[in-house]
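Below is one structure, written out as C-alpha cells; comments come after it.
Each reported figure results from applying straightforward, stated rules to the coordinates on display, with no laboratory input. Just so it is clear, the model here is predicted, and its values are computed rather than measured. Counting neighbours? That spans all protein chains shown, and the Cβs are built from the backbone with ideal geometry, glycine included.
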C-alpha cells in the first residue's frame, strides 16, 4: 500500500509554536502567584513611590504610619533601572495610583505590572542569545544553515526552561536587569570577533529623506530644473568627486576605511566613482534624488545657488550607516542614553520638583534649588557628549565596530541595572578571552575601541549616579558602592550567605533542571570538538590589515570559518567556567547569584544538541556520559524532594527557620525528569531525533510544573496577598491595620502604605493604638509572623484577649482580628 509524502511543518512554524508555548506557560499562573517577601514587594513599592512622588531620581521607601512608619525614607541599596521599568509598566497599566485602597491585592494587574519588565527582559535575552548562536554557527558552517538555526533554537529553549531563569523572569527582582545586559555584551563580543567581519551598509543622506524633500539636497528644482552652477560644472561627476574627497578627509582624520583587496571588509555599497561619468549613472543619481535630470543646456535653468544652499547637494550625498546592526545599536543608544538623560533633566527642571525642593530645610547635605541647577547643567553636559559620540559612530565602517558599541552600552546598562558586578564580569570575560586566545596585545586592545567605548559606557551608566551623588552626596555613594557592592564581595552579608567551593555546583543542579544532567555529555562533546578543531594559526602576525572600532588598523581577530565552530565552543566554556569561578570567589553567596552562569550553560547545551549523534566507535564513552548525567539527575531529585523549599530559595535570600516551611511536595519533579533520562539514553544509543524530542519535552514539562504548579502553591505562604485580601474583604470602613513585631514590607506594598508599623514587641505602643480606636465599634487587624501571632494575644489589653481571633494564617503569616468596644 502506497503512502503519500509525510507532511513536515516549516521550521519557522515550529519555532513560533514553541515561542507561543513558552509565553503562555510563563503568563498562565501570573495572577495565582502573589508578590513575595522578600523582595518583590519591597521593589514594587519603591517603583510605586516613583509615581506617587513623581520623582525618578531619588528612590524612596516609606514603611507606613505609626511609631516606625518613618523608619526608612530612602532606598539606596540598588541602582535605578529596574524601578524605572517597573514604574513605567505600572503607569501604562494604570496601577498604583488608583483611589481604591485594596488596589494592590486584586490580581492580575498589580502582579503583571511589576513583573512584566523582568518577563520581557528574560525572554528577550534568551531569544537574542539563540539568534546570536545561530548567526555565529552559520558563519562557521555556511554549508549547513539548518544546524545553525537548530543550535540557536535549542539554546534559547534550554535557557527559558531552566527553573531559576523561568522564576526570575516571572518575578520583580533586580537580577535579570544585570544578567541580561551581560549576556547581550558577551554575545556582541562574539558577534564582533568570532566571525568574519564585513562592511556596514550605507546610504546617502538624501535617500533617507521623504521624496518631496529630496530635490532640495539634489540641486534640482521642484519642476525638474537644474541650477545654473550645476549645469555649467560637471554635475554628474560631482558626487564621485565629493565621495573621493570625503573619503580622503575621513582617512586623514583617523577613520580607516577597509583596505583595497580585503574581501572580508568589502564595502556593502557600490563605489559610485567608478561609473560616475556614465549617462546611466547620471540617470540613477537623478532617480535617487526623486526626479529626472534634464539636459545641461536646458533653457529653463535657474540662477546659481549661493551660500548654504550651494552646500546642500554635498551634504545630501554624505553616506550614513544604514544597516540592521547599526539601527539596532541606535535604538539601544536612544533607550539607554538619550531617554534617561532627557527624563532626569526634565525632572530637575520641572516646577513640581523646584517647588518641592524649595520647601526643604536649608542645612548642609540637604538638596536645594542650587542642587537642581547643578544637575541640570551636568545633564546638558552629558547630552552634548552623547551628541558628539553619536556623530562619531556615523564614521563606523564595519559591523565589528557596531557590536563593540553594543558591548559598551550593555556593560553600562548592567551597572545601572544592579551594580558593579555586571561591568566587572564583562571586563573579566573579555580580558580572559583575549589572554586564552593569545591575542592580548596593545593593537587588539586598541581595536576594541576604548575611547568611544568608554564614553558609551559612561553615558549609559553615569548620568543617574552622577545626579544622585550631587543630590544626596557621599552618604548615598558609600551605601550603594561601598556597602552594597564592594563589601558584599569581600565579606559575608549574613551567616547563611557564605559557602565553600561546591556551594554553586550543588545549586546548579536544581537551577538548571533537567538540563544540568546533560552537562557531562556536553563537556565531553566540547572536548571532542576542541581536540578536532585545534588552532590553525589564522590570526596574522601583521597588525596592519583591518580597521578596528576606533578606525585604527589592527589585527583581524575573527577566526577562519573552518575553526570558528571550535572557537565558539571555547568561548562558551570560558564564559561558563570563568563566571562560576568569579561567583565562587565572592564571600557573600546567595542562590540567585548563580543566574549569570545559565546563559553560557544554555549556549553549551545548544551547541551540543545541534551536533550529530556520537560516532559508533565512541559508544562506550557516550553511555558513560549518559549514565553520569542520569546519576546527577537522581541526586538532584533526591535533594529537591528532601528540601521542597529549595526551588523557592533560588530567588530569595532567607533559607532557614520558617522559610523552610510551606513549600509543596516536589515529587512531581520525577515525572519531569524521566523523559530527560530517556533522552540521554536515546542519545547514547545514537537516536538523535528521538533524544531531542524527549529532552525538549522534559524541558517544557519542567517549565510548566515550576511556574504553574509549584509557584502558585508556595506563593500562598511566601506572599501576604491572601492575608491582606481577607482584611480588605472583611474590614469595616475605618478598621486600621497594624503590623506588629513584624517588618517584611509586603504589608506596605499591598496597603499602599496605609499600615501602622511597629517593628518590635512594644506592648505600650500596641495599647495606645487600641485605646485610640475604643468607643468607635471598630476592629483592629494585626498582621505578624506565625510565631509572633501566638504571642500577640498576651500583649493585648486584658479585656480584649478573649475577643481576638485568628482571621487568616499560613506557614509564615498570621492575621488577627481584635474587636474593640
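Which order do the peptides 767-778, 30-41, 700-711, 729-740 take when ranked by the mean count of other beta-carbon atoms within 10 Å per residue, highest first?
30-41, 700-711, 729-740, 767-778
So how do 508-519, 625-636 stack up, highest first, on mean other-Cβ count within 10 Å?
Ranking, from highest mean packing down: 508-519, 625-636.
State the Cα centre-to-centre distance between region 404-473 and region 600-614 in whole Å.
29
Rounded, prolate or oblate: which fits region 721-819 when a ≥ b ≥ c are the square roots of the eigenvalues of the alpha-carbon gyration tensor, with rounded for a/c under 1.5 and prolate only if a/b beats b/c?
rounded
Quickly work out the residue 621-to-residue 374 label distance, labels modelled 7 Å from Cα along the C-beta direction, and quote it in nm with one decimal.
6.4
State the extension gain, in nm to one decimal, for the chain segment bounded by residue 12 and residue 428, taking 0.36 nm per residue of separation less the distance between their alpha-carbons.
Net length gain for the segment: 146.1 nm.
Just need the relative contact order of region 721-819 here, percent rounded to a whole number, with Cα pairs under 8 Å and 6+ apart.
Relative CO of region 721-819 lands at 29 percent.
Each label point is 7 Å from the Cα along the Cα-to-Cβ direction; what then is the distance between the points at residue 384 and residue 638, in nm?
With each label placed 7 Å out from Cα toward Cβ, I get 6.8 nm.
Based on the mean of other Cβ atoms within 10 Å per residue, sort peptides 590-596, 783-789 so the most packed one is first.
Top to bottom by mean Cβ count within 10 Å: 590-596, 783-789.
On a full-extension model of 0.36 nm per residue, what is the gain between residue 768 and residue 628, subtracting their alpha-carbon distance, rounded to one decimal in nm?
44.0 nm
How much length is gained if the chain between residue 391 and residue 729 is pulled fully straight, taking 0.36 nm per residue apart and subtracting their Cα-Cα distance, in nm to one decimal?
115.8 nm
Obtain the nm distance between the two label points defined at residue 791 and residue 324 by a simple spin-label model: each point lies 7 Å from its Cα along the Cα-to-C-beta direction.
For the pair residue 791/residue 324, the computed spacing is 6.3 nm.
Find how many whole Å separate the alpha carbon centroid of region 662-733 from the alpha carbon centroid of region 36-81.
32
Hey, with R₀ at 41 Å, roughly what FRET efficiency would residue 805 and residue 350 work out to, going by the Cβ-Cβ distance, to 0.05?
Computed FRET efficiency for residue 805 and residue 350: 0.25.
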